[in-house]
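Working notes, beginning with the structure itself.
The values are calculated or read from the model by the stated rules, or taken from the named source; none is laboratory data. Only a predicted model underlies this, so the values are computations on that prediction, with no experimental measurement involved. Every residue, glycine among them, receives a Cβ derived from its backbone with ideal geometry; neighbour counts consider all protein chains shown.
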Amino acid sequence: MRRCDAVVVGGGPAGSSCAWALRRGGADVVVIDRAPFPRDKVCAGWITPAVAAALELDADDYRRGRTFQPITGFRTGRIGNDEKDVETRYPRPVSFGIRRCEFDHYLLCRSGAEVRPGTALTGLRREGERWIVNDEIEAPIVVGAGGHFCPVARHLGGGGGGEPIVAAQEFEVPLDAAQDCPVRPEVPELYFARDLKGYGWCFRKQGVVNVGYGRFGSERLSAHVAGFLDFLRARGRLPASVTGRLKGHAYLIYGTAPRPLVGDGVLLVGDAAGLAYAQSGEGIRPAVESGLLAAGVLLGARGRYRYEDLAPYRRQIEARFGRRDAKPGLARLIPSRVLEALGASVLGSSWLTRRIVLDRWFLHAHQPALSPALHLPGSPQSSPSTAKGLAGTKSAIRPSL
């Protein structure tokens, strides 16, 4: 039996961020993921400077051999409309395009945890104050970071039928020299549905292009995706030769059907907890920040991991992302014709597009980066004495998978 301080189920940004912060606090951590790494991951793929800051990402180190595309503007419009698009430019990079196959692998290797790729969660049972995972790993804490379909979330009562989801389909393919794609790498293009219930994107990241469409609810998604691709090609934004196999995924948006975040000896982070931003559907920043917040709570729990001991994590999530409730969002209460008129007004205005759609909905520029110091031993939330309760025998740092 492998005994450790924490088992993280899922090696994406949420799980690797949590494992990284726990390891820095002296904890012995095992990460399991059913996929081998590096692995393909469906995602438009960009991170804001706030994410880089929270992760203390060394940009010079990261960009060596990896995609790291500075974004200094956006082109926005409405699907099916012929009016002129709005282009918004910034004086400095406001995001960076990444490929999830590279980004996730990098973070997981950097975490310093013992990583077991290609390992699905096949067994999870509680024995006293400890968990037995797959009949081979024993730990007092399990962190569910396995995305929308995370089996740990199902254990806590989430993941059942009836959850209102956002469904998306996309492809990411390399561009060869003969393919003249007019989308500029530093200016991703975003196009919104008339009813504002979905949007599509075309994003060129150095030598690859990512195209996709996401929508609240999965009804007729394929038809919406096909219509969006036809729109891009009719507008001359996507050459007919640039195509790929569409891959789909689903996720919850924050507040629509909140899953339990904590239980006795268990926490959910990232998409497993349903933390994607409501307006943009972005999940990377909430994943990273929830992973760091979870680690800070665990390091400060002084070896006590009952529900009430982990409740501060729920309070911190609500303080960071707002209160969780299952009430319908305002957009779902407004008649569709009114929404279309509002959408046309906002997306037709350069000022409103920048201040509301981009700065607030997509970039969350109003919210400062989460300080990495919150999760380091010696900080008020994670002093050496409090970290000691979680940390057992330190495992060797494993720099690669």
Selection count, the stretch 56-80, where residues are in contact (Cβ under 8 Å) with a residue 12 or more places away in the chain, assigned to a loop (DSSP other than H, G, I, E, B) and of a type outside the set (Lys, Arg): 6
Residue list for the stretch 30-55, filter: of a type in the set (D, E, K, R) and either over 16 Å from Gly97 (Cβ atoms) or outside any loop (DSSP other than H, G, I, E, B) (or both): Asp33, Arg34, Arg39, Asp40
Checking Val211 against (1) modelled with pLDDT of 95 or more; (2) surrounded by 22 or more Cβ atoms within 10 Å (Cβ to Cβ); (3) in contact with a Lys or Arg (Cβ under 7 Å, 6 or more places away or on another chain), the condition it does not meet: (3)
Helices (runs of 4 or more DSSP H) enclosed by the stretch 288-401 - at least 2 residues per element that are at pLDDT 55 or above, in contact with a Ser or Thr (Cβ under 9 Å, 6 or more places away or on another chain) and of a type outside the set (Asp, Glu): 307-321, 336-347
Residue pairs meeting the criteria (Cβ under 7 Å; at least 6 apart or on separate chains; first within 20 Å of Val225 (Cα to Cα), in the stretch 168-183; second modelled with pLDDT under 85 and part of a loop (DSSP other than H, G, I, E, B)): Glu170/Val42
Which listed residue is over 20 Å from the mean Cα position of the chain (by Cα), closer than 30 Å to Arg66 by Cβ and either buried (at least 20 other Cβ atoms within 10 Å of the Cβ) or modelled with pLDDT of 95 or more (or both), from Arg99, Arg116: Arg116
Which listed residue, of Ala19, Ala27, is modelled with pLDDT of 95 or more, more than 24 Å from Ala168 (Cβ to Cβ) and assigned to a loop (DSSP other than H, G, I, E, B): Ala27
Long-range neighbours under 7 Å by Cβ, at least six apart or interchain, first residue assigned to a strand (DSSP E or B) within the stretch 238-252, second of a type in the set (Phe, Trp, Tyr) and at pLDDT 90 or above: Lys247/Phe171
Among the residues listed as Gly123, Gly147, the single one being over 28 Å from Trp351 (Cα atoms), touching an Asp or Glu at 6+ places or on another chain (Cβ under 8 Å), without any contact (Cβ under 8 Å) to a residue 40 or more places away in the chain and small (Gly, Ala, Ser): Gly123
Matching option when the condition is of a type outside the set (D, E, K, R), part of a strand (DSSP E or B) and touching a helix residue (DSSP H, G or I) at 6+ places or on another chain (Cβ under 9 Å), among Val152, Val173, Val211: Val211
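Name the one entry in Val8, Val94 that is surrounded by 17 or more Cβ atoms within 10 Å (Cβ to Cβ), among the aliphatic types (A, V, I, L, M) and closer than 28 Å to Gly343 by Cα.
Val94
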Leading residue by the ranking (surrounded by the fewest Cβ atoms within 10 Å (Cβ to Cβ)) among those in the stretch 151-169 that are modelled with pLDDT of 85 or more and among the small types (Gly, Ala, Ser): Ala167
Yes/no for Asp58 being out of contact with any Phe, Trp or Tyr (no Cβ under 6 Å at 6 or more places or on another chain), surrounded by fewer than 16 Cβ atoms within 10 Å (Cβ to Cβ) and within 26 Å of Ala365 (Cα to Cα): yes
Positions within the stretch 228-245 being buried (at least 16 other Cβ atoms within 10 Å of the Cβ) and either of a type in the set (Val, Ile, Thr) or more than 28 Å from Thr72 (Cβ to Cβ) (or both), in sequence order: Val242
